[in-house]
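The values are calculated or read from the model by the stated rules, or taken from the named source; none is laboratory data. Note that the coordinates shown come from a computational prediction; the quantities given were computed from them, not determined experimentally. Because the Cβ atoms are built from the backbone with ideal geometry, glycine has one as well, and the counts that use them run over all protein chains shown. Areas reflect the complete protein model, heavy atoms only, side chains present, ligands, DNA and RNA absent. Shrake-Rupley method; radii C 1.70, N 1.55, O 1.52, S 1.80 Å.
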Amino acid sequence: MKRRFDTYFPWLFITSDFLVSLISLSIANVFLQLTGVFEGASFSAFLPLSLLWLLISSLRKDYKIGRTDEYDHTIRNLLATLLWFLGVTAILWTPLQNGNFRWIQIAGLGVTMIFFMGSFRVLVHMFLRHYRAKGNNYRNAVIVGKGGTSPRLADVFRIRKDFGINFLGYFDDEADCNQTRGGITDFFGEAPKLDLDLIYIQEQLDPSLVKKVIDFADENYIKVKMIPGGSLQLEKNLSFSKYGDFFVINVNEIPLDHPLNSLAKRTFDLVFASLVTIFILSWLIPLVGILIKLESRGPVFFIQKRNGVNNNVFNCLKFRSMTPNDYADTKQATKNDPRVTRIGSFLRNSSLDEMPQFLNVLMGDMSIVGPRPHTIPMNETFKTQIKRYNSRHKIRPGITGLAQVRGFRGEIENTHQIRSRVRLDYFYINNWSFFLDMGIMVKTIHELIFNRENAY
């Protein structure tokens, strides 16, 4: 069971975490009553607290226990979640008394939760290590280049079975051992057959080969980690992963790989999209739907398959702006396109046709800001023309994006336009910040009001 475990484990973890939190709170209730600092509360009063714990734990993605994380990392995550939980509880939970004992009650809840939830989290961590040591939930890995400290890393994989990393061998031009699968040039032909998850690059590999391997990994959504050496010359901030006492450099990590950044972006997406859905889409969809139906036959929504994060296909929603035709997926809309209806022309010119995509945001398929998703046929064409094109699918696609506010929106007429879009998308992915998103949203509003030249 390689990846299927990763689908089921978060749900098992969250359910168990919820039940253990409920037990912990019930025990804290009894303990505080016995000490005389709390009058006690009913089971129904503690249920909302456990739901609050479930919400905070899920948003912080506590179920993501890294295969090389040590137990202290799990405890630190628990303490951060507990601080959030106690802070919100102190403010909102009404059964707490207003008096001298208030902070003693909070402390009592905290101590009890630390003991029971800490024991549970460590036991789960121990289970994962044991499960992976038995050969389950593994990740396939190879090392490109044998030499320097790379044999030490291979030894770590052999000794630390609990990391769950299935080392498939080396690709090296000079090494000749039973673990060598072929030369470095053989890697690019053999790698697609190996179902790889991780590529480790030896520090003395030629820089041109390093770049080629990283480009290959980006195209195939494989994580790259560089075994550090003095000759490493890369123009980006690097992070490290620890394998026992052995460190490797994470080469192609992006800001949104960090859980807090991902949480901040997703939280903003959910809040903003929810407000738009409640206050705008609730009346806009019926109104536009009636106008579309009055002018032409066909559905209100135009649903199109597009590539999302990691190239996964999703159903992208738009208001239908054309008469039903067989070329919607392959032929872009052009100026004065005869397929566009009158109401469709207004929707496209005002960008209102994109509004249903806020529902895609709520469903988790899209983000407010990100690379614009293209149709599947367009992606198949562009990835053969543009180097590292698929790297734009590392994150969720957006309703708006950096390329759109820099003037690259609408019909793609030449390769310069798509190359510029991809270059800006790549910059956004590697330099994401919350303030960059806010700036793009402000510029999007400006573009909607003052620049309608390419909206047709």
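About its Cα centre, what dipole magnitude does segment 183-316 give when the only charges are +1 on Lys and Arg Cβ and -1 on Asp and Glu Cβ, stated in debye to the nearest 20?
Numbers: 13 positive and 15 negative charges, 149 e Å.
Dipole size: approximately 720 debye.
For trypsin sites (Lys or Arg not before Pro), the sites in segment 370-400 that DSSP calls loop and that have at most 12 other Cβ atoms within 10 Å are 387. A Förster radius of 22 Å, combined with the Cβ-Cβ distance separating residue 315 from residue 261, puts the computed FRET efficiency at roughly 0.25.
Determine the shape class of segment 172-219: with a ≥ b ≥ c the square roots of the Cα gyration tensor eigenvalues, call it rounded for a/c under 1.5, and otherwise prolate if a/b is greater than b/c, oblate otherwise. Oblate is the answer for segment 172-219, as a/c is 1.5 or above yet b/c matches or exceeds a/b. Its DSSP H runs of at least 4 residues, each contributing -39,500 (n - 2.57), put the calculated 222 nm mean residue ellipticity of the chain at -16500 deg cm²/dmol, to the nearest 500.
Helix by helix through the chain, keep the DSSP H runs that span 20 Å or more along the axis on Cα and average at least 1.6 on Kyte-Doolittle, and give those back in order. All intermediate terms of the calculation are to be shown ahead of the outcome.
Numbers: long enough: 4-35 (47 Å, 1.03); 43-59 (24 Å, 1.93); 71-92 (32 Å, 1.05); 102-133 (46 Å, 0.79); 259-276 (25 Å, 0.75); 282-295 (21 Å, 1.56); 415-430 (22 Å, -0.72); 434-450 (24 Å, 1.31).
The qualifying helices are 43-59.
Distance between the C-alpha centres of segment 136-213 and segment 54-95: 36 Å, rounded to the whole angstrom. The solvent-accessible area of residue 386, taken with every protein chain present and a 1.4 Å probe, is close to 10 Å².
State whether segment 349-456 is rounded, prolate or oblate according to the following rule on the C-alpha gyration tensor (a ≥ b ≥ c being the square roots of its eigenvalues): a/c under 1.5 gives rounded; otherwise a/b larger than b/c gives prolate, and the remaining case gives oblate. Taking the square roots of the gyration eigenvalues as a ≥ b ≥ c, segment 349-456 is rounded.
Largest accessible area first, the residues 262, 282 order themselves as 282, 262 under a 1.4 Å probe with ligands, DNA and RNA left out.
If you rank 185, 15, 89 by how much accessible surface each has, with a 1.4 Å probe, what is the order from largest down? Walk me through the intermediate numbers first.
Numbers: 185 110, 15 80, 89 0 Å².
Listed by decreasing accessible area, they come as 185, 15, 89.
The alpha carbon radius of gyration of segment 94-211, expressed as a multiple of 2.2 N^0.38 Å, is 1.75.
Sort segment 262-410 into rounded, prolate or oblate with this rule: let a ≥ b ≥ c be the square roots of the eigenvalues of the Cα gyration tensor; rounded if a/c is under 1.5, and if a/c is not under 1.5, prolate when a/b is larger than b/c, oblate otherwise.
Working: a/c = 1.95, a/b = 1.16, b/c = 1.68.
Oblate, because a/c is 1.5 or more while a/b does not exceed b/c.
Beyond a 28 Å Cα-Cα separation, which of these cross-linked pairs lie in this structure: 64/318; 61/225; 64/443; 64/394; 64/212? Violating the 28 Å Cα-Cα cut-off are 64/318; 64/443; 64/212.
Match the structure shown to one of the listed values (i) 41; (ii) 37; (iii) 53 of percent of Cα pairs over 32 Å apart, computed from it, and give that label. Answer by label: (iii).
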